[in-house]
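The values are calculated or read from the model by the stated rules, or taken from the named source; none is laboratory data. Fair warning: this is a prediction, and the values are worked out from it, not measured in the lab. As a convention, Cβ positions derive from the backbone with ideal geometry for all residues, glycine included, and neighbour counts pool all protein chains shown. We work out accessible area using only protein heavy atoms, side chains counted, and drop any ligands, DNA or RNA first. Shrake-Rupley method; radii C 1.70, N 1.55, O 1.52, S 1.80 Å.
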Amino acid sequence: MKEPVGRQESRRAANARKRMSRRPSRLGTPAGSTAKPDRVADPDAGFPGLLRQVWRRAERTEDLRAALDVLLTLDGHVPADVQLRALNSAQEAALTALRGADDADGSLDACDACDACDAGGAGGAGGAETPGDGAAGAAVAADVVFVGEVGLAANGRVALRVPGGRPLDPRDLVGGVRRVPYDRAALDAYRRELGRVRERNAARAADCRAWLAGQGTEGRRALLDQALEAAVRTAPFVLYQEDTQYTNFRERNTLTGKTLWPGHPDCALGALRDLPLDLWTDQDTQLVVCLTLLIRSAGFGRVEEANGTQLTVDHVAYTLERVRRAYAAVPGVAPVPAAASHRVADLDRLAVALRERRIEVSGHAQLYREIHGALMHKVERVAAAPGPAARAREDAVAAHLRARLPLSGRTLADLGRDLAAAPGWLAAPHGAFGTGLESLVHETVTASADAFGADFAMSRGMRSLPDLVRALRGENWAAICDWDITHFFCCVVPRPEAAAHFGGSRAALADAAWAMSSRMSYNSWHFVAGNLPREPEVVARDHFVPPVIPDVAYFSDQHHHGHVNNNVRFSVRSPQSVEVDGRRFDGFMDLRLLRCAGEPFGEQDVLAAHRVSGFVARATSLAAALVAAGTGLEVTAFDSDWHWTAVTGTGPAAPGALAGPDRRAS
């Protein structure tokens, strides 16, 4: 890693520094030199452990309807409608037949009815359910004509053996299977539903193909380029078209992303660029159209709202209609008319209208996203007005800041106005910090941890605003892109009680805080280039589109290794833009709150956190204005030493300090 501008060191010294551990409890020791790891990964941690837990619960459940509810919700970890929309055509038809209901639009947005999974009745499975894997010797009624199966796949999807299908492959499953008997009525219902679903899918595919043909060769290439850019510039997503998986996430990547470099021949989208349309599969055709509709409705971020589901025209229509209704409920905003049909042309008009209306909605209400970590699925929400809970959080933070900073005012808005009237102290030493900005960030994060009952609170930013201003004025985009994470900071403050989640060790708590700080510094690095002109060096640099709306996450300790290792279960993230020398930087900083256990954060927490992060963003913009006018301001705090001292209450860690249980911890 490189030193910030102005701090020269020899290559030998730089290489020696890189070989030293930066973990607070191991400062001064060579990285990787310990005899054994501090912690051994728990085999039941993360997503595999969750799936084993879900299957055990479903296996013990007496009736099939209740078992399906456990599987569809992953035992309460995700909304069931996500799993319902993950079913392929045959599975959708089978479940509809077993439910004894006719879902005319194919959205499957209601999961309240697996009623027909109970044996008996027209359209229901007759005979006795055969639980577990005990087909042999189990009693099966005489009128049963086929015995299907239900299981849980290793990717978290519900697996169904449908009439005529082969047995589920145990290598793809988390556990065993439950047997699902079909009587003649259920089988006839399945045949009718499967025919309807196949007819609908064929019509949708033909419509997609005709719409793409109308775009012309260059138009299709532009759509493919846009979809490829989305795959590269957004967080991981996993989408399905029948049994074909499209993903930029780990292992069997089929789209350009972290594993497949741009132009890789294995990328499903890139392979279509010069291929005649008549050679595209129906799955690829719908993939391109659906990605286009999602992106046109809200940018790349909307793609993640299809995570874990079948990416079909009908499911995109369901998503757009949900958004349309949410926007229409905002007072003072004229509703967007519903799509006339599920034809691509009608949905395209709706998507464009929603994107335009989204700007207006943002001026009347706060948009945010729910993140369901188990399936990485996101849902855009429109928040209600701040209530007593949000105001209480904000008031508690404001009271803390009034007592510790040279600011006056009852609310955060008042404090912000007072700061704007005399911002000079942000560049001067304050308290234990070299600048007032550092002090303000630390006090705000500390206050937030207490006010929100968070185990950790944190806020990130850039260490040298003068370096950034110089680079902007010189249009030195390459220099900005070349900066590494040492040019960024993140102040992480855990509450003392959080040590209970780390074996009672304050040393382990300090290590966790530093790990979070490093990762958040990486996030700043990852977003900053997304604010620069699309020059070659910027396009070539790995970066994501900066976030602009807050989010609340449930059960994030599933896939992300850092989240699993550091118990990041529930969180709120509130990104904010900052103006630097006349240029707006989206996602320049954020406030992040997390809990390792207990109750998740809610909508009112999101609203209050966004007010708090807005206060820090305003202070950062004011500091940037001071720098643009010639004032020096560098952030030197919040490194590894600082986190060790702040968390443990002792001086810098001795080389190889114990990272295990700390007997000094309360």
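The order of the peptides 287-298, 77-88, 235-246 by mean Cβ neighbours within 10 Å, most packed first, is 287-298, 77-88, 235-246. Taking 7 Å steps out from each Cα toward its Cβ at Ala629 and Val352 produces label points 4.6 nm apart. Between amide H atoms placed 1.01 Å from N, distances below 5 Å from Gln241 occur with Tyr246, Leu311, all of them 5 or more places distant or on a separate chain. In segment 259-334 the Cα-Cα distances spread across 10 Å bins starting at 0 as 16, 39, 30, 10, 5 percent of all pairs. Sequentially through segment 625-637, phi angles give Karplus couplings (6.51, -1.76, 1.60; θ = phi - 60°) of 5, 4, 5, 4, 8, x, 7, x, 7, 10, 9, 10, 7 Hz, Gly and Pro residues having no value and appearing as x. Given their separation in residues at 0.36 nm each and the Cα-Cα distance between them, Thr636 and Thr244 gain 136.2 nm when the chain is fully extended.
Provide the FRET efficiency to the nearest 0.05 for the Ala202-Ser10 pair, computing r from the beta carbons and using R0 = 60 Å. It would help to have the intermediate numbers written out before the result.
Details: r = 68 Å, r/R0 = 1.13.
That pair, Ala202 with Ser10, gives E of 0.35.
If you take the Cα centroid of segment 180-209 and the Cα centroid of segment 345-384, the two points sit 31 Å apart. Phi angles of segment 297-306 translate, via the Karplus equation with coefficients 6.51, -1.76, 1.60 and θ = phi - 60°, into HN-Hα couplings of 7, 6, x, 4, x, 5, 4, 5, 7, 9 Hz per residue; Gly and Pro are given as x.
Volume per residue of the convex hull around the Cα atoms, evaluated for segment 510-626, comes out as 119 Å³. Protection proxy ranking of 532-539, 302-309, 457-464, by the mean of other Cβ atoms within 10 Å over each peptide's residues and highest first, is 457-464, 302-309, 532-539.
Counting only protein heavy atoms and using a 1.4 Å probe, what share of the accessible area of segment 432-584 belongs to carbon plus sulfur, as a whole percent?
50 percent
A full extension of the chain between Gln53 and Asp172 corresponds to an added length of 41.2 nm, given 0.36 nm per residue minus the alpha carbon distance. Computed with a 1.4 Å probe on the full set of protein chains, the accessible area for Asp641 sits at about 60 Å². Subtracting the Cα-Cα distance of Glu62 and Arg273 from 0.36 nm times their residue separation leaves 70.8 nm of extension gain. Placing one equal scatterer on every Cα of segment 494-579 and applying the Debye formula, the log10 ratio I(q)/I(0) at q = 0.16, 0.23 Å⁻¹ is -0.78, -1.19. Rolling a 1.4 Å probe across all protein chains gives Asp414 an accessible area of roughly 50 Å². Each semi-axis of the equivalent ellipsoid for segment 230-368 is √(5λ) with λ an eigenvalue of the Cα gyration tensor; in descending order they amount to 29, 17, 12 Å.
Couplings 3J(HN,Hα) for segment 47-61, derived from phi with the Karplus relation 6.51 cos²θ - 1.76 cosθ + 1.60 (θ = phi - 60°), are 4, x, x, 4, 5, 4, 5, 4, 5, 4, 5, 5, 5, 7, 6 Hz, where x marks Gly and Pro.
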